[in-house]
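> Take this structure first; my questions come after.
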Amino acid sequence: MGIQNKERLAELLELINKGRYFTKLKPELRENNSFTIPLKVSSYNELNMMVSDLLKASIVLMNKEAHSLAVFHKDADINVLTLLEIALQLLPEDEMELLDEVYKVNKAKNNN
């Protein structure tokens, strides 16, 4: 069982080294476990939550019924297009490609 795990790990590392993955987050030189986009996040999970929150806020702002129920300052001028553009820029596209490749390798291994 340990040999199979080592083989899978070797395949995964080879797959990662073949492509240019993990390009969205840039390591912060002065701090461990921190990255910059231009926004500092601690992980891809946090990045995902930030994008999700931006999208949820955009949905609320675009839905007239939900917007009237939401607690926003009356004078708040929130540009939904800007929120959506930020969310789009934050999505880690290269990393998602890697997840697709990892899924294919795992699926092929489980089918054998």
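The values are calculated or read from the model by the stated rules, or taken from the named source; none is laboratory data. Nothing here was measured: the structure is a model prediction, and the numbers come from that model. Cβ: placed from backbone, ideal geometry, glycine included. Neighbour counts: every protein chain shown.
> State which residue is surrounded by the most Cβ atoms within 10 Å (Cβ to Cβ) when the search covers only the range 61-94 and only residues that are modelled with pLDDT under 80 and of a type in the set (Val, Ile, Thr).
Per the criteria, the residue is VAL80.
> Would you mind telling me which numbered condition in (1) at pLDDT 85 or above; (2) touching a helix residue (DSSP H, G or I) at 6+ places or on another chain (Cβ under 9 Å) GLU97 fails?
It fails just one condition, (2).
> From the residues in the range 32-45 that are assigned to a loop (DSSP other than H, G, I, E, B) and under 17 Å from LEU88 (Cα atoms), which one is nearest to the chain's Cα centre (by Cα)?
In this case the residue turns out to be ILE37.
> Does at least one position in the range 18-27 carry a residue that is of a type in the set (Lys, Arg), surrounded by 14 or more Cβ atoms within 10 Å (Cβ to Cβ), farther than 28 Å from LEU83 by Cα and touching a helix residue (DSSP H, G or I) at 6+ places or on another chain (Cβ under 8 Å)?
no
> Additional query: Among the listed residues LEU12, LEU29, which satisfies the condition of being farther than 18 Å from LYS104 by Cβ and either over 18 Å from the mean Cα position of the chain (by Cα) or in a strand (DSSP E or B) (or both)?
Numbers: LEU12 fails: farther than 18 Å from LYS104 by Cβ.
Result: LEU29 is the single residue among LEU12, LEU29 that is farther than 18 Å from LYS104 by Cβ and either over 18 Å from the mean Cα position of the chain (by Cα) or in a strand (DSSP E or B) (or both).
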